[in-house]
Amino acid sequence: MRSVSSIVGFAGATSGSLMVNTSEEGACFMAGRMIGEELNRVDTAVLDGICEITNIIAGQTKAILSTTEHKFERISIPSVVVGSSYFVSHYRGMNSVSVDFELPEMPIQPRCDYSLTVSISLMKV
């Protein structure tokens with residue numbers, strides 16, 4: 001179950017958000033790789049790691065979109081949601097795309113547990 005999500009907001013001529021979503025195992029794996037330790041449960045180190053990963057993805061997204069009509073000036077600090085019982089809603093007219101990435105180096109078998117989804121929703125304002 002993908003129960004760890006981190007969300008960053010974008011503001012400027014284009015506004016929207018970017019969300020990174022993964023399982024608890026995926027969050028522990030990625031955060032552990034960042035700090036060079038094996039992490040086995042969601043704690044502050046894992047949550048900080050997921051926030052940093054989201055910041056990196058959001059920063060690269062901002063850089064890539066800076067030369068397009070979809071550029072934005074500001075990025076919020078990440079917010080983290082832990083748990084699977086939540087709902088995200090966007091304004092009508094937002095364009096959204098989601099991409100799934102596999103984390104094949106993770107030592108677990110269920111396919112849904114070793115993936116990462118990055119979703120971006122944008123709208124010109």
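The values are calculated or read from the model by the stated rules, or taken from the named source; none is laboratory data. Every value quoted in this text rests on a predicted model; they were computed, and no experiment measured them. Note that we place each Cβ from the backbone using ideal geometry, even for glycine, and neighbour counts take in every protein chain shown. Accessible surface is based on the protein model in full, side chains and every heavy atom, while ligands, DNA and RNA are left aside. Shrake-Rupley method; radii C 1.70, N 1.55, O 1.52, S 1.80 Å.
List pairs: first residue in the stretch 12-28 and in a helix (DSSP H, G or I), second residue open to solvent by 10 Å² or more (accessible area, probe 1.4 Å) and of a type in the set (Lys, Arg) anywhere in the structure, Cβ distance under 7 angstrom, at least six positions apart or on different chains.
CYS28/ARG41
Could you look through the stretch 18-67, keep only residues that are polar (S, T, N, Q) and in contact with a helix residue (DSSP H, G or I) (Cβ under 9 Å, 6 or more places away or on another chain), and pick out the one that is surrounded by the most Cβ atoms within 10 Å (Cβ to Cβ)?
THR22
So for the stretch 88-100 (the condition being in contact with a Gly (Cβ under 8 Å, 6 or more places away or on another chain), open to solvent by 60 Å² or more (accessible area, probe 1.4 Å) and modelled with pLDDT under 95), does at least one residue qualify?
Scanning the stretch 88-100, I find at least one residue that is in contact with a Gly (Cβ under 8 Å, 6 or more places away or on another chain), open to solvent by 60 Å² or more (accessible area, probe 1.4 Å) and modelled with pLDDT under 95, so the answer is yes.
Are any residues in the stretch 82-97 under 11 Å from SER5 (Cβ atoms) and aliphatic (A, V, I, L, M), and if so, which ones?
VAL82, VAL88
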